[in-house]
Structure formats: structure tokens, C-alpha cells
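Trainee: Structure provided below as C-alpha cells; questions to follow.
FYI, it's all coordinate maths here, none of it is from the lab. Worth saying up front: this structure is predicted, and the values here are computed from it rather than measured.
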Amino acid sequence: SELSLQLIAVLDQRAGLHRDEVETLPWRKAGLDVTQVRQLQECEEETVARKLALTERIAEQNWCRAELQEELACHRERDVAGREEHNCAGLAPAMFEECPTSPRISAPLASMLAGAS
């Protein structure tokens, strides 16, 4: 009889543990969901930070590109004006072919300057 009472007590304790486990199961699932939501939020924060950094880098690149295009346009205007000026002075357009030593000085002009030195 004492053994039967101990068996009943153990079975009741086991049943209680099983009920507790069943009751906590939704909470554990929710805990996993909360963890997943937090991980997704952290991933989103990192993605937003990377996007911001890339957007800033793109803006810098666009600014540099605009500056370089403006500088190129300025050089082209000077080159055209220089050609017109030299053509009016009777110099041949060949004077404005690129010189291998200096892209700003034409090959024939470079040889004339070298001979004048």
C-alpha cells in the first residue's frame, strides 16, 4: 500500500510536469518567434546602414563625375579656342596632334620648341 501511494504520487508529479510542459510550449514558441523578429530587426538595421553608406558614396561619385565633366568641358573649350587662334595665325591643324611626351603640346610644336632651345 505504501508502494502504491508512492506510485500514485510519482504519477501525479509526472502528470503535473507534463501539464506544465504543455502550458509553456506556446511561450517557448513565442520566444523563438521573438528571437527571430529581433534577428530580422538587426538585419534590417544593418541593411539600412549599408544603404545609407552606399547612397553617400554614390552621391560623392556623382559629385566627382560632375566636377570632372565640368573640367573636361573647360579644357575642350580652351582647346577649341586655341585651335581657332592658331589656325587664324596660319598654323596647320597638325600642330594639335598629341605629343607623346606632353599631351598638351602637339608633336610638331614640341619639335619646334626643342629646336628653339
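Trainee: When all alpha-carbon pairs of region 37-81 are counted, what percent fall beyond 11 Å?
Mentor: Values: 703 of 990 pairs.
The share of Cα pairs beyond 11 Å in region 37-81 comes to 71 percent.
Trainee: If you don't mind, another one. Is the shape of region 1-78 best called rounded, prolate or oblate, per the rule: a/c under 1.5 gives rounded, else a/b larger than b/c gives prolate, else oblate, with a ≥ b ≥ c the square roots of the Cα gyration tensor eigenvalues?
Mentor: Prolate shape, in that a/c is at least 1.5 and a/b is the bigger ratio.
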